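Working notes, structure below.
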C-alpha cells in the first residue's frame, strides 16, 4: 500500500509509521494544516493510492480562545484534503472524536446519532466531518476517544509522571469513555484502507476501547499496571474546572465497524499493558 499520511509526530501517525514503513508522512514543515491549499496540492501531486489524515488540532482547552486555528486545522484542511482525494479517486481516511457529541445519557453513541459538540474543539472536528462527507469521495471517518500511547502527551503519561511524585491524586470520576491505544487505531486504519482499495463503501464508524471506564478507574488501572502505589480519589467534573466542557458520556458503539469490516473493539487493558512495557523499555 502506497499511503500518503498527514501527520508525523502525533500518536497515531507514529504508530502508522511502524505499520507502513514505505508511506510518505507529511509533518508541519511539509504540510501546514493552516494552509488548506498546500494540503490539497500535496494530494494532487502524490503517487499514493490512499490518503490518511492523522493530524489534528487537539488542544481542547486552548481551542476555546484559538478558534481560527482550530477551525483551519480540523475543518478547512480536511475539507481541502477530501476534495483533492476525491478528484484523484483516492480513498480518504480521517480521524474524528467523541467530542462531536454532547455527552448526555449513558447509552453508547452510534455513528448516526445526532451530534451536539460542547466546545470549539468538538465543533471544529464536526465541521471537518461534514466537509469530508460533502466532498463526495470514498472515505472513512473514524471516531475514537481517549487516545494513549508511549509517545507525546496523553493521560497515561501524565498519570505516571504525577504518580511518581504524589501518593494521592484526585481524578474525575463522572466522565465515562473508552481509552484507545494509538497502536490499535493505526492497525484499524490500515485494515480499513486495504478494504477501501478493494471496493468497500466506507462511511462513519466508531472505534474505542472496551470496557467503558471513568478517568478515575483508568488512572487506577494505570498505576496497577506500572506497579505504582498511588491512591486515587474520585471527584466530580465541577471540582476540576477547565475552559472547555468535556462530555460526560463518551461511550462509543463500534458494532457497525464489526459488521462492515470485521473489526472488534479493542481491549484497552491489553493496550495499556503494551504501552507500559514500552515505556519501561525506554526507561521512562
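Residues 246, 197, 220: which one is modelled with pLDDT under 95 and surrounded by 14 or more Cβ atoms within 10 Å (Cβ to Cβ)?
Testing whether each residue is modelled with pLDDT under 95 and surrounded by 14 or more Cβ atoms within 10 Å (Cβ to Cβ) leaves just 197.
Quick check, is residue 118 part of a strand (DSSP E or B) and under 19 Å from the mean Cα position of the chain (by Cα)?
No, not satisfied.
Just name the residue that is surrounded by the most Cβ atoms within 10 Å (Cβ to Cβ) out of those in the stretch 5-27 that are closer than 19 Å to residue 84 by Cβ and over 18 Å from the mean Cα position of the chain (by Cα).
Per the stated criteria, the residue is 23.
How about the stretch 28-53: which of its residues are buried (at least 19 other Cβ atoms within 10 Å of the Cβ) and in a helix (DSSP H, G or I)?
36, 39, 40, 42, 43
What about residue 241, is it free of Cβ contacts under 8 Å to residues at least 24 places away in the same chain and not in a helix (DSSP H, G or I)?
Answer is yes for this residue.
I want to confirm something. Restricting to the stretch 134-153 and keeping residues that are free of Cβ contacts under 8 Å to residues at least 60 places away in the same chain and out of contact with any strand residue (DSSP E or B) (no Cβ under 7 Å at 6 or more places or on another chain), which single residue is nearest to residue 270 (Cα to Cα)?
It comes out as 153.
Inspect all residues belonging to the stretch 206-215 and state whether any of them is out of contact with any strand residue (DSSP E or B) (no Cβ under 8 Å at 6 or more places or on another chain), within 26 Å of residue 107 (Cα to Cα) and not in a helix (DSSP H, G or I).
yes
Does residue 128 satisfy the condition of being touching a helix residue (DSSP H, G or I) at 6+ places or on another chain (Cβ under 6 Å), touching a residue at least 24 places away in the same chain (Cβ under 8 Å) and not in a helix (DSSP H, G or I)?
no
Can you tell me how many residues in the stretch 89-101 are touching a helix residue (DSSP H, G or I) at 6+ places or on another chain (Cβ under 9 Å) and farther than 12 Å from residue 55 by Cα?
Adding up the residues that qualify gives 8.
When you check residue 125 against the structure, is it within 17 Å of the chain's Cα centre (by Cα) and within 24 Å of residue 80 (Cα to Cα), yes or no?
For residue 125, the condition - within 17 Å of the chain's Cα centre (by Cα) and within 24 Å of residue 80 (Cα to Cα) - is met.
From the list 86, 80, pick out the single residue that is in contact with a helix residue (DSSP H, G or I) (Cβ under 9 Å, 6 or more places away or on another chain), over 16 Å from residue 252 (Cα atoms) and either in a strand (DSSP E or B) or at pLDDT 95 or above (or both).
Testing whether each residue is in contact with a helix residue (DSSP H, G or I) (Cβ under 9 Å, 6 or more places away or on another chain), over 16 Å from residue 252 (Cα atoms) and either in a strand (DSSP E or B) or at pLDDT 95 or above (or both) leaves just 80.
Just give me the residues in the stretch 169-202 being part of a helix (DSSP H, G or I) and either within 21 Å of residue 112 (Cα to Cα) or touching a strand residue (DSSP E or B) at 6+ places or on another chain (Cβ under 7 Å) (or both), in sequence order.
Passing the criteria: 182, 185, 188, 189, 192, 193, 196, 197.
The values are calculated or read from the model by the stated rules, or taken from the named source; none is laboratory data. Everything numeric in this text was worked out from a predicted model, so none of it was measured. All Cβ positions, even for glycine, are placed from backbone atoms using ideal geometry, and neighbour counts span all protein chains on display.
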